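> Input: one structure, supplied below.
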Amino acid sequence: MNITQLTDELDQMVVLNDKTSVMIWGPPGVGKTDGVRQVAAKHGLMVIDERWGQKTPADLRLPVPNKEKKVMEFYPMSTFPREGKGIYFLDEFTMAHSVMQGIGQQLILDRCIGDNKLGDGWFVWAAGNRKEDKAAVYDMPLPTSNRFDHLYVEPDLESLTYWWFAKEKDPRIMGFLKFRPELLHKMPQDSSNHRWPSPRTWARAEARLVTKRSIAPAVGEEVAVEFSAWAETVDSLPDTEQIAEGKGKRVKFSDEPSLKFAIISSLTAHALKNFEKFYNCFSWMLSVADTEWTSMLVLDVLRILGRNDPKMNQQYMAKLMKMPEAREFINVYVQLATGRS
């Protein structure tokens, strides 16, 4: 599944109050932790990020003698939640030694550690990398894995697109990734190469880009050089803000495919702000581009709104359906959204 499907799955677990423990697998930088935090924020849930790999068995149940009763009692960790509600998140769970993972079996299935019971309002979710991700991980014991439901996440550009525009991040990077989607997540063959592109590092690269710094420390020198060469040509693109304001009648569309992606991405950022800007961008595309590129703009905007702002999506759809020139694109969108042809 992709990160959007993951958050939908976790969201349903919260809505249904399904307390089954889940293990989220995926390569580094794909957005596992961020997805968990997004769902928690949506539902107003606290997140306790417990790094199991940094614990020892003694940390989980601290022995304290009860001299009066002449017995040994076991106190829980201060972070172990017994009241309230939230997500008890065992991040980087596979970095914990197999012994520690085994000790977690009681928590995963029975929601307790010894006599210390987890609060009823808490979900137990875990996440981790796999050995094929070249991560320093341990095999999960079969009795432990059998206590989890398992969710597998892979990189996905469309999911990143939803998040990217919702956060109003620099559209240049998204335009570049639309043109070079294979650079969304590309792990190096040589483990000594510590800089490589992933959804996580692209987000960090964007922060460097807007402050006019090199993105190489985030995504690597080779990718940064390619992006910089591409970005230089983007500087000569038409003023998309002018187009969004309805003043682009004399502006021409680029003949270069790589630059077309940049224009579409920039127009998308404007079009998401309000319907007037969207319609101006849409009308301009109708006049200068073929159906393929115009459809890309319309579908990108409607999909992003459908995911991030359903009410605005409905408003856009209702207004577009009154316009004969837009109905073709709406029909295509509905077919793609419902899986009908």
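> Suppose a student asked you for the relative contact order of the chain, using Cα pairs under 8 Å spaced at least 6 residues apart; what percent would you report?
The normalised contact order for the chain reaches 15 percent.
> List the GluC sites (Glu not before Pro) in the stretch 22-126 that DSSP assigns to loop (not H, G, I, E or B) and whose Cβ has at most 13 other Cβ atoms within 10 Å. Which are they?
Sparse-neighbourhood loop GluC sites (Glu not before Pro): Glu68, Glu83.
> Given the options Gly102, Tyr152, Ile24, identify the residue whose Cα lies farthest towards the positive end of the charge dipole of the stretch 3-152 (+1 on Cβ of Lys, Arg; -1 on Cβ of Asp, Glu).
It is Gly102, whose Cα lies furthest towards the positive end.
> If you don't mind, another one. Can you tell me how the stretch 183-249 classifies by the Cα gyration tensor, rounded, prolate or oblate, using a/c under 1.5 as the rounded cut?
Judged from the Cα gyration tensor, the stretch 183-249 comes out prolate (a/c at least 1.5, a/b above b/c).
> Modelled label-to-label distance, Leu142 and Leu299, 7 Å Cα→beta-carbon offset: nm?
Rounded to a tenth, the inter-label distance reads 4.5 nm.
> Show me the ranking of peptides 246-253, 27-34 by mean Cβ neighbours inside 10 Å, starting with the highest.
Descending packing order for the listed peptides: 27-34, 246-253.
> Hey, another quick one. Treating only the Cβ atoms of Lys and Arg (+1) and Asp and Glu (-1) as charged, compute the dipole magnitude of the chain about its Cα centre; round to the nearest 20 debye.
So the magnitude is around 700 debye.
> For Gln54 and Asn274, what is the calculated FRET efficiency with R₀ set at 45 Å and r taken between the beta-carbons, to the nearest 0.05?
The formula returns an efficiency of 0.40 here.
> I would also like to ask the following. Peptides 291-304, 109-122: what's the order by average Cβ count within 10 Å, highest mean first?
Taking the mean over residues of other Cβ atoms within 10 Å, the ranking is 291-304, 109-122.
> Let me ask you something else. If you take the square roots of the eigenvalues of the alpha-carbon gyration tensor of the stretch 3-152 and sort them as a ≥ b ≥ c, do you get rounded (a/c under 1.5), prolate (a/b over b/c) or oblate?
Oblate.
> So if R0 is 56 Å, what FRET efficiency would Met312 and Asp149 give, r being the distance between their Cβ atoms, rounded to the nearest 0.05?
Computed FRET efficiency for Met312 and Asp149: 0.95.
> OK, next. Based on alpha-carbon centroids, what's the gap between the stretch 118-145 and the stretch 155-191 in Å, whole number please?
Each part's Cα centre sits 26 Å from the other's.
> Which FRET efficiency value, to the nearest 0.05, do you get for Ala229 and Thr20 by plugging their Cβ-Cβ distance into 1/(1 + (r/R0)^6) with R0 = 41 Å?
E(calc), rounded to 0.05, equals 0.25.
> When the helix-only estimate is applied to the chain (DSSP H runs of n ≥ 4, each -39,500 (n - 2.57), divided by the residue count), what is the mean residue ellipticity at 222 nm, nearest 500 deg cm²/dmol?
Rounded to the nearest 500, it is -14500 deg cm²/dmol.
> With a 10 Å Cβ neighbour count serving as the proxy for reagent exposure, in which order, fewest first, do Phe123, Phe275 appear?
Going from sparsest to densest Cβ surroundings: Phe275, Phe123.
> Can you tell me the length gained on complete extension of the stretch Asp290 to Lys322, counting 0.36 nm per residue apart and subtracting the Cα distance?
9.3 nm
> Sequence-distant or interchain residues sharing an amide H contact under 5 Å with Val47, placed H: which?
Ile87
> I've got another one for you. For Cα Rg over 2.2 N^0.38 Å, one of (1) 1.07; (2) 1.21; (3) 1.38 was computed from the structure I shared and the rest are decoys. Which label?
From the options (1) 1.07; (2) 1.21; (3) 1.38, the structure gives (2).
> Would you work out if the stretch 146-205 is rounded, prolate or oblate? Take a ≥ b ≥ c from the square roots of the eigenvalues of the alpha-carbon gyration tensor; rounded if a/c is under 1.5, else prolate when a/b is larger than b/c, oblate otherwise.
In terms of gyration-tensor shape, oblate.
> Still on this structure, I have one more. Testing the spin-label approximation: label points 7 Å from Cα along Cα→Cβ at Asp255 and Ser192. State their distance in nm.
Distance between label points: 4.7 nm.
Each value in this text was obtained by applying a stated rule to the coordinates, not by laboratory testing. What you see is a predicted model; the values in this text were computed from it and never measured. Positions of Cβ are generated from backbone atoms using ideal geometry, with glycine treated the same way; all protein chains shown enter the neighbour counts.
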